[in-house]
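Student: Next up is a structure, given as structure tokens.
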Amino acid sequence: MFKHIVIIGNSAAGIAAAEAVRSKNKEIKLTIITQEDYCGYYRYFLPEMLDNSIAEKDLIFKQKDFYQQSKINLILNRKVEKINVKRKQIFLQDKTKIDYDSVIITSGRTMKPPKGLKGANKNGVVSIDNIVQLKQIKKLIHCCQTVCILGANFAGSKIPVFLSKLGLDVKLFVSPDDFLSVILEQKGRDFFKEYSQRNGFELISPADVVEIFGDSDIKAVKLDSGKVIGCSMLIIDKYYQPNTKFICDTVLETQNGIVVDEFLRTNVVGLFAAGNVAYNKAEWNCFWPESFAQGTAAGLNALAYVSQDADFQQYKGFPGVMNFSFLGLPGCCIGEINTSDINGSEELVSINSDGFTYKRIILKDDFVQGVVGIGKGIDLEVFSELILKKIKVTEFKNNLLSENVSCLLYSNAIGL
């Protein structure tokens, strides 16, 4: 009888895990459980649905025939209630019981406002975790004049552009722990405040919402500065917590997520975790590419476990290259960009106000640690090689901010 691998979650990590299993074994029993009523879709592009830049059907990147052809039992719209790790059984909310030999948890994270945020349960306070929530926002938009956005992470850094195109008054509140605050230093923050005004929305930083006013519907928000701003919608893009409620009665170790080792194994034999729900002491950044890479490793290792194969695949982290969209501009990060993690770092910054480009280079002892580039036409490929090959840049440091830096460095024969 074939072994059974169950995957909880149907986004990047979950689908990658399933594909990894099937790449090595075509017959093992494989099940994916998701509480959503959709096949796999690109969550990163949800904001593009606000102004219909992307249709709902175009978000779906795995159709039902993928699951059928891959012999994957896809269970939609069913919530996992609990896992009994001793009996190796999963219980769904409708009392369905599923036996397993190995489980890969890829249930992701969900926005959960802190208890101290007064009024967070009012109508019009929303997040953008999934398609259902996105549709809710689209319905509410027609009744809105002013929309506030709390948090500038991946959704929050894209939404203002789409909402301002619809003629709405948009205000973006950025706190120090947001993605925007990490990738920009002070000059960059000031530059993008000006950029925001030119593009029809307001960026307020640093700022946090401490209270939400209104009866049943939101009417205004109060900032930590004491300022009160009227609005009829607050979109929250922070306070994300791992979806781990169904493991509360287990002995699974958690610490800002389900703790895993370098093989994506939890402290319970046969259980693996990957993506945003997983936590490793290396503090991996689980954006889409890394979640996919983790899912692949978890899938291969779960298969190795049920096959009693000692050849586990070590996950060493995803190469630090990340592409993103930032306030309507293309962006890219390479390497380590959080200077709070680098003692004795030095920064080089270049801003082109006319062309709306921003480049930030983080150095330590004249070695490039990380680079941020935002705007059209910025080529950061050469910096990947400087980082990977650990090339000291002392002799040409003054040229690193040049627009034709690639030509200059390659022509200088520095070993690239």
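The values are calculated or read from the model by the stated rules, or taken from the named source; none is laboratory data. The structure displayed is predicted, hence computed values, not measured ones. Quick reminder, even Gly has a Cβ in these numbers, built from the backbone with ideal geometry, and neighbours come from all protein chains shown.
Student: Those residues that are under 22 Å from TRP288 (Cα atoms) and outside any strand (DSSP E or B), I need them from the range 327-372; list them, please.
Tutor: Of everything in the range 327-372, those that are under 22 Å from TRP288 (Cα atoms) and outside any strand (DSSP E or B) turn out to be LEU327, GLY328, GLU336, ILE337, ASN338.
Rundown of residues vs (1) within 22 Å of the chain's Cα centre (by Cα); (2) outside the structural domain of GLN35 (by TED's automatic domain parsing); (3) at pLDDT below 95, yes/no style:
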residue: TYR195; (1), (2), (3): no, yes, yes
residue: ALA220; (1), (2), (3): no, yes, no
residue: ILE229; (1), (2), (3): no, yes, no
residue: VAL260; (1), (2), (3): yes, no, no
residue: ASN280; (1), (2), (3): yes, no, yes
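Student: Among the residues of the range 167-182, is any among the polar types (S, T, N, Q) and out of contact with any Phe, Trp or Tyr (no Cβ under 6 Å at 6 or more places or on another chain)?
Tutor: Yes, the range 167-182 contains at least one residue that is among the polar types (S, T, N, Q) and out of contact with any Phe, Trp or Tyr (no Cβ under 6 Å at 6 or more places or on another chain).
Student: Within the range 243-271, track down each residue that is part of a strand (DSSP E or B) and crowded, with 23+ Cβ neighbours inside 10 Å.
Tutor: Residues satisfying the conditions are ILE258, LEU271.
Student: A further question follows. Picking from VAL147, VAL210, which residue would you name as being in contact with a Cys (Cβ under 7 Å, 6 or more places away or on another chain) and not in a helix (DSSP H, G or I)? Let's see the steps before the verdict.
Tutor: Details: VAL210 fails: in contact with a Cys (Cβ under 7 Å, 6 or more places away or on another chain).
From the options VAL147, VAL210, the qualifying one is VAL147.
Student: Filtering the range 56-104 down to residues that are within 23 Å of the chain's Cα centre (by Cα) and exposed (fewer than 13 other Cβ atoms within 10 Å of the Cβ), which residue is farthest from TYR305 (Cα to Cα)? Give the steps one after another, and end with the answer.
Tutor: We begin by selecting, within the range 56-104, every residue within 23 Å of the chain's Cα centre (by Cα); these are 56-63, 76-77, 79-80, 103-104.
With the extra rule that they be exposed (fewer than 13 other Cβ atoms within 10 Å of the Cβ), the set shrinks to 57, 63, 77.
Values: LYS57: 37, GLN63: 29, ASN77: 29 Å.
Only one residue tops the list, namely LYS57.
Student: Take the conditions at pLDDT 85 or above, in contact with a Phe, Trp or Tyr (Cβ under 7 Å, 6 or more places away or on another chain) and of a type in the set (Val, Ile, Thr) and apply them to VAL268. Does it pass?
Tutor: no
Student: Now for a separate question. Go through the residues of the range 376-388 one by one and say whether even a single one is without any contact (Cβ under 8 Å) to a residue 40 or more places away in the chain and in a strand (DSSP E or B).
Tutor: No, every residue in the range 376-388 fails to be without any contact (Cβ under 8 Å) to a residue 40 or more places away in the chain and in a strand (DSSP E or B).
Student: Among the residues of the range 42-63, are any assigned to a loop (DSSP other than H, G, I, E, B), free of Cβ contacts under 8 Å to residues at least 24 places away in the same chain and β-branched (Val, Ile, Thr)?
Tutor: Yes: the range 42-63 contains one or more residues that are assigned to a loop (DSSP other than H, G, I, E, B), free of Cβ contacts under 8 Å to residues at least 24 places away in the same chain and β-branched (Val, Ile, Thr).
Student: Has the range 138-152 got at least one residue that is buried (at least 22 other Cβ atoms within 10 Å of the Cβ), modelled with pLDDT under 95 and either in the same structural domain as LEU59 (by TED's automatic domain parsing) or under 21 Å from GLY331 (Cα atoms) (or both)?
Tutor: yes
Student: I would also like to ask the following. I'd like the full set of residues that are at pLDDT 95 or above and out of contact with any helix residue (DSSP H, G or I) (no Cβ under 7 Å at 6 or more places or on another chain), limited to the range 97-114.
Tutor: LYS97, ILE98, ASP99, TYR100, VAL103
Student: Okay, next question. Taking the residues in the range 308-321 that are surrounded by 15 or more Cβ atoms within 10 Å (Cβ to Cβ) and either touching a Lys or Arg at 6+ places or on another chain (Cβ under 7 Å) or modelled with pLDDT of 80 or more (or both) as candidates, determine which candidate is nearest to GLY373 (Cα to Cα).
Tutor: The residue in question is TYR315.
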